[in-house]
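The values are calculated or read from the model by the stated rules, or taken from the named source; none is laboratory data. Since we're looking at a predicted model, the values are computed, not measured. For neighbour counting, all protein chains shown are included, and Cβ atoms are generated from backbone atoms with ideal geometry for every residue, glycine included.
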Amino acid sequence: MLKFGSDLGDFIPSYNLDLVYQKYCKDNENAEKYYLRAVEKGYEGAMNNLGHLYENEYKDYSKAERYYLMAIEKGGSDAMYNLGLLYEEQFRDYVKAEQYYLMASESDQTGEDRIELLKFYYRTKQMDKVLKISDILFEDELFKLEEENIIDLIRFLLVVKQYHFLLQKFRSPNNHLLLLERPMYYTLSWFMKAELPGEYKKTNEELKETVDEIIKEVEFKYGNAENLL
């Protein structure tokens with residue numbers, strides 16, 4: 001899930017044309033030309049997207065690294081995530097990957113990069129860090145401002161089968177998860193039906209439909225966790 005920058009100010013016409021070339025015409029040469037023009041003007045978004053072009057179209061990982069780093073020097077958080085992904089997938093340098101995933105998560109304003117950091121720790125079999133950071137996120141008021149953040153966090157923990165950890169969170173007297181996220185709770189109760197007999201059956205017809213959709217999604221991701229996470 002690579003991320004595209006968008007801040008190009010008065011260079012937007014050339015920048016948008018470039019996106020058309022890259023996404024639809026697959027004219028990488030023209031895409032590269034327009035990105036380079038924007039980079040010369042100092043646009044961070046173009047540096048990030050040029051890194052993406054070199055990484056995914058030209059498979060020139062050294063150049064991709066160079067332009068991601070240029071974007072990061074200008075504060076580009078998308079490039080932080082993309083560089084972490086590059087180090088993880090192409091260079092297999094998990095120390096540097098963690099460094100940039102952490103950097104992205106610390107600059108994240110939406111919560112998305114914090115979930116991506118958890119996914120990295122899961123892929124690299126660092127479940128202690130997954131649970132430690134999840135614990136922090138459940139208490140982070142800024143993170144919880146966006147309901148979708150909590151839903152994504154619970155969904156992720158369901159996929160990686162951290163049922164007892166989630167149950168503890170739902171039962172905690174210091175939060176209102178059970179009231180706010182009832183579909184996610186009943187999804188959890190379905191996966192823990194041996195320990196929570198009868199809980200899933202408490203859903204009404206409308207709620208059951210929502211819960212069943214979540215169950216199907218989570219079950220699908222079980223067999224594809226390494227790719228989907």
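For the stretch 37-65, the set of residues classified as part of a helix (DSSP H, G or I) and either among the small types (G, A, S) or farther than 18 Å from Y81 by Cα (or both) consists of R37, A38, V39, E40, G45, A46, G51, S62, A64, listed by residue number.
Looking only at the stretch 202-211, how many residues end up being without any contact (Cβ under 8 Å) to a residue 24 or more places away in the chain and surrounded by fewer than 15 Cβ atoms within 10 Å (Cβ to Cβ)?
Keep residues of the stretch 202-211 that are without any contact (Cβ under 8 Å) to a residue 24 or more places away in the chain, which gives 202-206, 208-209.
This time we only want the ones that are surrounded by fewer than 15 Cβ atoms within 10 Å (Cβ to Cβ), so: 202, 204-206, 209.
Qualifying residue count for the region: 5.
If you go through the stretch 66-85 and keep only what is assigned to a helix (DSSP H, G or I) and over 23 Å from L118 (Cα atoms), you end up with R66, Y67, M70, A71, E73.
Counting residues in the stretch 158-178 that are farther than 19 Å from V218 by Cβ and charged (D, E, K, R) gives one or more.
Could you tell me whether any residue of the stretch 217-229 is surrounded by 13 or more Cβ atoms within 10 Å (Cβ to Cβ), closer than 20 Å to I136 by Cβ and in contact (Cβ under 8 Å) with a residue 60 or more places away in the chain? Checked the stretch 217-229: at least one residue is surrounded by 13 or more Cβ atoms within 10 Å (Cβ to Cβ), closer than 20 Å to I136 by Cβ and in contact (Cβ under 8 Å) with a residue 60 or more places away in the chain. Set side by side, the residues Y100, Y94, Y58 differ, and just one is buried (at least 22 other Cβ atoms within 10 Å of the Cβ) and out of contact with any Asp or Glu (no Cβ under 6 Å at 6 or more places or on another chain), which is Y100. Checking the stated criteria, N28 turns out to be of a type in the set (S, T, N, Q), surrounded by 15 or more Cβ atoms within 10 Å (Cβ to Cβ), more than 18 Å from M80 (Cα to Cα) and at pLDDT 65 or above.
For the condition over 25 Å from Y58 (Cα atoms), part of a helix (DSSP H, G or I), touching a residue at least 24 places away in the same chain (Cβ under 8 Å) and basic (K, R), what is the one hit in K132, K119? Steps first, please.
Working: K132 fails: touching a residue at least 24 places away in the same chain (Cβ under 8 Å).
One residue alone meets the criteria, K119.
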